[in-house]
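In what follows, a single structure is set out as structure tokens and then discussed.
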Amino acid sequence: MKSSQRLLISALFAASVSIVSNNVLASGNPKNGADVFAEECGDCHSTKEGKSKKGPPLHGVIGRKAGSFADFSGYSDSMKQSGIVWNEERIDAYISAPKKVVPGGKMKYDGLPDATSRADVIAYVMSLK
Amino acid sequence: MKLLRLAGRKTLGRWLRIPNTLLAVAALAGLFASPANALPSYARQTGADCASCHAGSFGPQLTPYGQQFKLSGYTDSDEKGVKIPLSAMAVANWTRTSKANPDHPENFNDNNNAALQEASLFLAGRLTDHIGTFVQGTYSGIEKKSSLDQMDIRYAQTLKLGESEGIVGLSFNNNPTLTDPFNTLGQWRFPYTSSDFGFGYGPSPLVESLGGSVLGLNAYTLWDKNFYAELGVYNTPSTGTLNALNASDAGKFSGVGTYGRLAYVKDMKRDNFSVGLFGFNANLQPDRNDLGTSNNYRDLGLDAAYQFLGNREHIFSLNASYVREWQTLNYAYANNEASNLKNNLDQFRIAGSYHYNQTWGATLGLFDSRGSSDSGLFGASSFNNRPNTAGYLLQADWTPWGKEDSWLAPWANMRLGIQYTGYTRYNGGSSYISGTDDSGNPIDRQAKDNNTLSLFAWFAI
């Protein structure tokens with residue numbers, strides 16, 4: 001197989017994964033996500049605007065640069081230097097394996113393996129007003 | 001924790017001959033070792049609500065997040081400014097027993113008593129990035145005295161070895177089982193508050209009876225989030241130190257007391273469980289004026305806990321423990337206090353609770369302590385020379401605050417509750433000897449006469 005063919009197949013595969021992932025994310029149910037949030041996230045993160053707990057608030061996290069919430073000083077250097085700007089895909093990748101996406105990060109969380117649960121909780125976070 | 005109370009007064013006191021020794025420890029455990037709770041100073045420090053660390057929004061029943069906070073040395077924070085690690089707590093109650101109690105506390109009635117049972121001040125929170133405290137000084141409105149109640153000063157940090165990591169720490173403390181992160185052992189098990197006008201829950205092993213009378217240094221780890229191990233060494237302070245702390249004297253250890261704990265814990269977020277082993281060994285010389293011969297106590301226990309948290313609307317928990325104590329009573333036997341050189345004590349406890357919306361709670365508990373027949377130790381209080389005591393506890397409670405949006409959060413918390421203790425067996429059977437009349441004849445009292453109804457109000461700021 002020529003390298004151009006391999007590249008094309010890889011690109012198609014990546015695109016298909018992305019489409020599937022986006023479809024899953026798009027199908028997230030915020031009502032279910034509220035339960036997932038309570039089970040997985042709520043001890044350390046608040047959904048109230050501006051309220052920090054052990055972690056920064058997740059209200060308004062979409063579009064926020066990682067490690068940039070001004071009223072929270074508990075970020076690791078790794079998080080601040082990650083260059084991440086949070087969107088659905090970035091959050092999905094991060095909460096599926098936090099230590100892989102931000103090695104050296106402080107968040108003591110092993111990750112949420114279930115894609116549907118991730119989509120639901122992301123939908124919930126996005127729904128916060 | 002009221003583990004030895006009056007059953008202890010009538011049995012263990014004689015057992016050790018010296019009323020100010022283990023009897024005093026029993027009284028200390030019963031009267032002064034007050035329950036600790038969801039401290040608002042921790043909530044202010046972490047930004048977390050009480051409900052994050054405690055099932056039902058009020059302590060001390062910990063969630064995995066609360067266990068993590070404790071094991072991290074009470075140092076987790078929201079990293080916002082300086083936090084003052086001070087809190088206060090008060091418990092007031094009204095108590096009625098089925099039949100008046102002739103052995104009631106001084107200055108109170110023989111029944112239907114209302115009291116400010118205790119008021120506590122806490123130094124509780126982060127002192128440095130790796131050092132935190134849980135120190136409680138308590139004024140007893142029953143005994144009209146103050147004492148250093150609980151002390152747990154910790155150093156903790158995260159340690160990484162290769163791909164695995166864990167929390168490792170040291171605790172300087174004054175009570176075996178105070179350091180434990182689960183709600184199955186002596187200090188932290190249900191009931192989390194109980195009336196000092198009640199009749200306790202039967203005799204307890206030594207490991208649960210030393211609060212305030214010892215000082216210990218424990219090393220512990222929670223490794224890979226699953227494996228908990230703890231090893232502690234305890235000694236008895238001098239009488240001068242105990243007097244300075246207003247603490248009771250259990251006697252003097254010969255050598256040191258050793259405490260060990262192993263547990264496997266699994267947090268699956270939606271629910272969690274733990275299973276474990278614990279042990280304690282000490283040689284206690286009960287009379288400091290008569291050193292040289294000691295009573296040996298070897299405790300070995302099993303415990304298990306399950307907690308369903310879900311989305312926190314419906315929380316269920318089940319906590320259970322069993323302890324066997326092997327006693328070799330060299331001192332008591334030599335002084336004709338005990339009829340047997342060797343005795344055993346078995347203690348079983350279980351409690352299941354349900355909380356709705358982190359506000360409404362209901363708990364059912366069972367207690368059962370059984371010991372060897374020993375006429376020397378128990379003959380004056382038991383018709384069959386046994387200390388056996390068993391019964392049940394029912395509690396309903398309301399915790400209106402303690403959530404993220406609660407009124408006065410994170411500055412105050414409150415629990416109001418009703419608790420009923422029923423006895424099926426007390427000091428050996430369905431009836432026991434509660435004392436002697438003027439002619440020296442034993443006074444017969446039914447176990448059910450001790451059934452206790454209590455209303456309580458528990459505040460923390």
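The set of residues in the stretch B:100-124 that are in a strand (DSSP E or B), touching a residue at least 60 places away in the same chain (Cβ under 8 Å) and over 21 Å from the mean Cα position of the chain (by Cα) contains only B:ASN113. Are any of the residues in the stretch B:384-406 surrounded by fewer than 17 Cβ atoms within 10 Å (Cβ to Cβ), at pLDDT below 95 and hydrophobic (A, V, I, L, M, F, W, C)? No, because not a single residue in the stretch B:384-406 is surrounded by fewer than 17 Cβ atoms within 10 Å (Cβ to Cβ), at pLDDT below 95 and hydrophobic (A, V, I, L, M, F, W, C). Restricting attention to the stretch B:235-291, the residues that are without any contact (Cβ under 8 Å) to a residue 60 or more places away in the chain, of a type in the set (Asp, Glu) and within 26 Å of B:ALA55 (Cα to Cα) add up to 1. Residue-level check: of (1) within 14 Å of chain A (Cβ to nearest Cβ); (2) within 17 Å of B:PRO410 (Cα to Cα), B:PRO40 misses just (1). On inspection, B:ASP299 does not qualify as away from every other protein chain (no Cβ under 14 Å) and touching a Ser or Thr at 6+ places or on another chain (Cβ under 8 Å).
Counting just the residues of the stretch B:338-356 that are in contact with an Asp or Glu (Cβ under 6 Å, 6 or more places away or on another chain) and surrounded by fewer than 20 Cβ atoms within 10 Å (Cβ to Cβ), which one comes out nearest to B:LEU277 (Cα to Cα)? Among those residues, the one meeting the criterion is B:PHE348. Counting residues in the stretch B:276-293 that are at negative phi, within 14 Å of chain A (Cβ to nearest Cβ), crowded, with 22+ Cβ neighbours inside 10 Å and not basic (Lys, Arg) gives zero. Mind listing whichever residues of the stretch A:72-129 are over 22 Å from A:ALA38 (Cβ atoms), polar (S, T, N, Q) and surrounded by fewer than 17 Cβ atoms within 10 Å (Cβ to Cβ)? If the condition is that a residue be over 22 Å from A:ALA38 (Cβ atoms), polar (S, T, N, Q) and surrounded by fewer than 17 Cβ atoms within 10 Å (Cβ to Cβ), then A:SER73, A:SER76, A:SER78, A:GLN81, A:ASN87 are the ones that fit. Would you check if A:TYR124 is within 13 Å of chain B (Cβ to nearest Cβ), of a type in the set (Ser, Thr, Tyr) and in a helix (DSSP H, G or I)? When the stated conditions are applied, A:TYR124 passes them. Among the strands (runs of 3 or more DSSP E) confined to the stretch B:388-456, the ones with at least 3 residues that are under 25 Å from B:SER204 (Cα atoms), away from chain A (no Cβ under 14 Å) and of a type in the set (A, V, I, L, M) are located at B:389-398. Which of the residues that make up the stretch B:54-95 are more than 9 Å from chain A (Cβ to nearest Cβ), of a type in the set (Val, Ile, Thr) and in contact (Cβ under 8 Å) with a residue 40 or more places away in the chain? Answer for the stretch B:54-95, where residues must be more than 9 Å from chain A (Cβ to nearest Cβ), of a type in the set (Val, Ile, Thr) and in contact (Cβ under 8 Å) with a residue 40 or more places away in the chain: B:THR75, B:ILE84, B:VAL91, B:THR95.
Scanning the stretch B:326-337 turns up no residue that is away from chain A (no Cβ under 14 Å), surrounded by fewer than 17 Cβ atoms within 10 Å (Cβ to Cβ), more than 27 Å from B:ALA229 (Cα to Cα) and at pLDDT below 95. Of all residues in the stretch A:26-46, those that are more than 9 Å from chain B (Cβ to nearest Cβ) and either in contact with a Lys or Arg (Cβ under 6 Å, 6 or more places away or on another chain) or part of a loop (DSSP other than H, G, I, E, B) (or both) total 5.
The values are calculated or read from the model by the stated rules, or taken from the named source; none is laboratory data. Everything quoted here is computed from the prediction, not taken from an experiment. All Cβ positions, glycine included, derive from the backbone under ideal geometry; neighbour counts span all protein chains shown.
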